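Only one structure is covered here, and it is reproduced in the block below.
The values are calculated or read from the model by the stated rules, or taken from the named source; none is laboratory data. Computed from a predicted structure; not experimentally measured. Glycine gets a Cβ as well: all are built from the backbone with ideal geometry, and neighbour counts include every protein chain shown.
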Amino acid sequence: MTASTTPLIRAKEPAIARRLFSAPAAGPFAALVLASVFFSLSTDQFLSGGNFSLILQQVMVVGTLAIGQTLIILTAGIDLSCGAVMAFGSILLAKLAVDSGLPPLVAIAIGILVCGGFGLVNGLLVRLVPLPPFIVTLGMLNIAFALTHIYSDEQTVTGLPGPLTALGRTFPLGRTDVTYGSLVTVALFLVFAYALNGTGWGRHVYALGNSAESARLSGIRVTRLTVGVYAVAGLVYGVAALLLVSRTGVGDPQAGQTENLDSITAVVLGGTSLFGGRGTVLGTFVGVLIVGVFRNGLQLMGVSSVYQTLVTGVLVILAVTVDQLSRKRTR
Amino acid sequence: MNDSAAAGPAGQQPPKRQDDEHPGAGRTSAEPAEPQVTPVLSARGLVKRYGHVTAIDGADFDLLPGEVLAVIGDNGAGKTSLIKALTGALVPDEGEIRLHGEPIRFAGPLDARQHGIETVYQDLAVAPSMDIAANMFLGREIRRAGPLGTVFRMLDKKAMRRESAEYMSELGIRLGSIGQTVETLSGGQRQAVAVARAVAWARSVVVMDEPTAALGVKESAQVLDLIRRVRDKGVPVILISHNMPHVFEIADRIHVHRLGRRAALIDPRDYTMPEVVAIMTGALSVTADGGTVVADDDAAAAAGVRRS
């Protein structure tokens, strides 16, 4: 048995068109475009800059959470605690600034760092004990939820100083008012898209999600990487906490309860596999927009919010089905 | 007397096979005198105990430049422990390991890799959702020159793709595109990627743990062919395998491991497969002059060998 010695290797990338089609976010992106076209045709108000800015505002908090969630899911983990951690962070930075009288920027920094601390603890438990991410973050969900209520004494924090709500202000872009917070969210998406796609760290995250053991054998420091991913995700939740208070103008202990799962919904809709190792953060951005566009469009059509949730549920199951079937085909 | 070894690659033997200098009628002796050529990797008197269990019991080991050395042994003979000790995955309690003649202690697998010892694991080696180039450079990515690389940690994907393609063609591996994901490849092609990756980085030794275990006949043949080409590039290969036909087809020498130590170091052209199996199971033992004596009559009879 002698293999031919003429190598047939092309060092260049596959054609652009093929790459676009094979990109994991291609399907979700098509769905987003179709939905947008549909809502543009069925309602007058959908297709306007103001409405798009509104959609961005509506999704910026869950979108930011979904960035952290994407990182964790890419490592074949999951984070059920992101919304609760964000809620604690938002109460913490609001109360530190209002009740404890800390300078607002210091309060913000502490809030974000504490969220990072929650992530760090999650990561350490997942990697060092080790425990399944589902269980660790389920526990952390309850812990953060309880701490939020204990610390806030069930009271909404009001009278926030300017820096805490600065990201909720708008600036004109053409004839559309856009919040600074939306920009922060978009910027974070771009930063992490680069980090995942353009750096060795990103490749290691994917490798870890493919197989932790093979990543270790490839010389990747798996423990450091895993703990780092959870900690970075926590910091991102901290930014989400700031975005949350800037948008609502108060520190609300009841916040963040639906976002735990909504962030997972967005990640899955964006074509990222729950089994880890496949997916993109830009896909997650598309997934977030799909949820936002459907909610917004159905609302404009006068469909009640229960049906919006129903549609979201159907979409999630559809997305996971597509993921499973495509995985089977490539096997 | 030895049909299977006749299939061995003629004209591809490592330069330092010195059958003629041995007195034992062309037989490699079981306890060879110190070889004239400095072994690439060698060990003397390795011991590793786990409580009352002795996994390595005074094992010796020699890998010569440019050879394919098969390491065979029954399950539980301790060959995995031996290989782990040689690749830094475990630290022996006693004994000495030498790399290129210099005594060395590996702190861990990474340390061994930094000394040019690469291991191809059965099926764990590749990340299926990543492309071939990304797998080739996993854990050793090349960054762009200048601030793009140092500040922004930007990968030089072009360079990695180009070098991957070069390695692949050097080894005669035929694949569609270096940018396709590993999961689109067949089992043999995946193994080829894993082997190519190891060879690309191995300066001293490539260790392959059962590289054909999960493969079909045709794919196994391709991987064996690949191992030959690796050897011809001058990188010695340690091949751990249960597959006797594969061992006899590819190996220049066979290290038979039994009860935690080297039971024999033989030339596959001098022994038949049943004899080697008998040595492996303890039915035959190899004498100093390369002859065999029956160590266990019943076992030897069961194995169908009898010679002295």
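Looking at the range A:154-170, can you tell me whether even one residue there is within 23 Å of residue A:118 (Cα to Cα), within 14 Å of chain B (Cβ to nearest Cβ) and among the β-branched types (Val, Ile, Thr)? No; the residues of the range A:154-170 include none that is within 23 Å of residue A:118 (Cα to Cα), within 14 Å of chain B (Cβ to nearest Cβ) and among the β-branched types (Val, Ile, Thr). Has the range A:269-287 got at least one residue that is part of a helix (DSSP H, G or I), under 16 Å from residue A:84 (Cβ atoms) and more than 14 Å from every other protein chain (Cβ to nearest Cβ)? No, the range A:269-287 contains no residue that is part of a helix (DSSP H, G or I), under 16 Å from residue A:84 (Cβ atoms) and more than 14 Å from every other protein chain (Cβ to nearest Cβ).
Counting only strands (runs of 3 or more DSSP E) that sit wholly inside the range B:208-269, those with at least 3 residues that are within 16 Å of the chain's Cα centre (by Cα) and buried (at least 23 other Cβ atoms within 10 Å of the Cβ) are B:237-240, B:253-258. Among residues that are closer than 28 Å to residue A:222 by Cβ and of a type in the set (A, V, I, L, M), residue B:72 is not included.
Is it the case that the range A:179-199 has a residue that's more than 14 Å from chain B (Cβ to nearest Cβ), within 16 Å of residue A:276 (Cα to Cα) and not charged (D, E, K, R)? Even if it seems obvious, please write down each step before you answer.
Applying the first criterion (more than 14 Å from chain B (Cβ to nearest Cβ)) to the range A:179-199 yields A:179-189.
When the remaining residues are screened for being within 16 Å of residue A:276 (Cα to Cα), the result is none.
Taking every residue of the range A:179-199 in turn, none turns out to be more than 14 Å from chain B (Cβ to nearest Cβ), within 16 Å of residue A:276 (Cα to Cα) and not charged (D, E, K, R).
Pairs meeting the criteria (first residue in the range A:128-157 and more than 15 Å from residue A:93 (Cα to Cα), second residue among the small types (Gly, Ala, Ser), beta carbons under 7 Å, at least 6 apart or on different chains) are A:133/A:77; A:137/A:81; A:140/A:81; A:141/A:81; A:141/A:84; A:145/A:84. Counting only helices (runs of 4 or more DSSP H) that fall entirely inside the range B:132-174 and contain at least 1 residues that are within 7 Å of chain A (Cβ to nearest Cβ) and under 18 Å from residue B:202 (Cβ atoms), the qualifying elements are B:157-170. Within the range B:199-219, at least one residue is over 19 Å from residue B:118 (Cβ atoms) and of a type in the set (Asp, Glu).
Determine whether residue A:330 is over 21 Å from residue A:83 (Cα atoms), at pLDDT below 90 and hydroxyl-bearing (Ser, Thr, Tyr). Yes: the conditions hold for residue A:330.
In the range A:294-302, is there at least one residue being part of a loop (DSSP other than H, G, I, E, B) and without any contact (Cβ under 8 Å) to a residue 12 or more places away in the chain? Checked against the condition, which is being part of a loop (DSSP other than H, G, I, E, B) and without any contact (Cβ under 8 Å) to a residue 12 or more places away in the chain, the range A:294-302 yields at least one hit. In the set (1) part of a loop (DSSP other than H, G, I, E, B); (2) free of Cβ contacts under 8 Å to residues at least 12 places away in the same chain, the condition left unmet by residue A:321 is number (1).
Report whether or not residue B:119 is facing chain A (nearest Cβ under 10 Å) and surrounded by fewer than 19 Cβ atoms within 10 Å (Cβ to Cβ).
Details: facing chain A (nearest Cβ under 10 Å): yes; surrounded by fewer than 19 Cβ atoms within 10 Å (Cβ to Cβ): no.
Spelling it out, it is not the case that residue B:119 is facing chain A (nearest Cβ under 10 Å) and surrounded by fewer than 19 Cβ atoms within 10 Å (Cβ to Cβ).
Among the residues of the range B:111-135, those identified as of a type outside the set (Val, Ile, Thr) and over 12 Å from residue A:207 (Cα atoms) are B:111, B:112, B:113, B:114, B:115, B:116, B:118, B:121, B:122, B:123, B:133. Being buried (at least 17 other Cβ atoms within 10 Å of the Cβ), under 27 Å from the mean Cα position of the chain (by Cα) and assigned to a helix (DSSP H, G or I) is a description that does not apply to residue B:125.
Quick check: is even one residue across the range A:238-250 assigned to a loop (DSSP other than H, G, I, E, B), at pLDDT below 95 and in contact with a helix residue (DSSP H, G or I) (Cβ under 9 Å, 6 or more places away or on another chain)? The answer is yes; a qualifying residue exists. Set side by side, the residues B:108, B:88 differ, and just one is surrounded by 20 or more Cβ atoms within 10 Å (Cβ to Cβ), more than 7 Å from chain A (Cβ to nearest Cβ) and farther than 16 Å from residue A:202 by Cα, which is B:88. Residue pairs whose Cβ atoms lie under 7 Å apart, separated by 6 or more positions or on different chains, with the first residue in the range A:97-111 and of a type in the set (Val, Ile, Thr) and the second loosely packed, with under 13 Cβ neighbours inside 10 Å, are A:98/A:159.
For the range B:175-200, enumerate the residues that are at the interface with chain A (Cβ under 10 Å from one of its Cβ atoms) and hydrophobic (A, V, I, L, M, F, W, C). The answer is B:175, B:178, B:182, B:192, B:194. Go through the residues of the range A:58-71 one by one and say whether even a single one is surrounded by fewer than 24 Cβ atoms within 10 Å (Cβ to Cβ) and either at positive phi or modelled with pLDDT under 90 (or both). Scanning the range A:58-71 turns up no residue that is surrounded by fewer than 24 Cβ atoms within 10 Å (Cβ to Cβ) and either at positive phi or modelled with pLDDT under 90 (or both).
Taken over the range A:173-212, residues that are crowded, with 17+ Cβ neighbours inside 10 Å, within 30 Å of residue B:159 (Cα to Cα) and β-branched (Val, Ile, Thr) amount to 2.
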